[in-house]
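Chemist: Have a look at this one before I ask anything.
Coordinate-derived values only; no laboratory data. This structure is a prediction, so every number in the text was calculated from the model and none was measured. We place every Cβ from the backbone using ideal geometry, glycine too, and count neighbours over all the protein chains shown.
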């Protein structure tokens with residue numbers, strides 16, 4: 001199976017969990033889209049990697065409205081927008097003959113939109129607490145947000161029951177809870193000391 005991973009960063013927890021999983025899944029031929037950064041360390045995990053600017057769509061409430069407006073304007077000035085990103089991801093889906101798109105964060109929706117437009121199944125792997133009463137917020141009501149995510153996803157995966165609570169409140173039929181794992185061998189064998 002040829003899977004395209006849409007990553008929000010080369011480093012960070014969301015991406016590291018995907019890298020750990022890929023090391024145990026030899027049947028997956030993995031490809032990646034990243035927004036930038038040094039990909040040398042992850043290149044062995046992927047058949048190919050493309051760097052594509054990926055706009056976020058969450059509302060950084062702590063920034064205040066002036067800062068948010070400046071951030072949006074800055075993305076647009078650098079050519080980072082949903083239309084060009086979606087098209088670039090669709091081009092990658094076609095070029096790599098992708099069977100499944102896996103978006104590794106709620107912060108980016110372009111992978112989900114590109115998968116839908118390309119007729120390819122999509123998994124949205126959400127690792128953040130989302131919604132108006134949580135850390136990561138979006139320009140939609142909670143009910144509309146969950147409906148939107150469900151509509152664009154064949155499967156919604158969350159990494160804990162806590163993160164999944166908002167999806168359960170809104171009756172998400174395609175929800176799975178799959179915690180990210182940690183390789184325990186170094187700790188069991190006392191190599192970590």
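Chemist: May I ask you to give the average projected area over all directions of the convex hull of the Cα atoms of the range 9-49, in nm² rounded to one decimal?
Modeler: 2.6
Chemist: Using Cα pairs closer than 8 Å and at least 6 residues apart in sequence, work out the relative contact order for the chain, in percent.
Modeler: Computed value for the chain: 18 percent relative contact order.
Chemist: For residue 51 paired with residue 165, estimate the spin-label separation in nm (one decimal), with each label point 7 Å from Cα along the Cα-to-Cβ line.
Modeler: About 4.0 nm separates the two model spin labels.
Chemist: Given the C-alpha centroids of the range 110-162 and the range 25-42, what is the distance between them in whole angstrom?
Modeler: Their Cα centres are 22 Å away from one another.
Chemist: Here are a few candidate values for Kirkwood radius over Cα pairs in Å: (i) 17.5; (ii) 18.0; (iii) 25.2. Which one was actually calculated from the structure I just gave you?
Modeler: (i)
Chemist: Pop the C-beta distance of residue 20 and residue 66 into the FRET formula with R0 = 35 Å and round what comes out to the nearest 0.05.
Modeler: Working: r = 39 Å, r/R0 = 1.12.
For residue 20 and residue 66, the calculated efficiency is 0.35.
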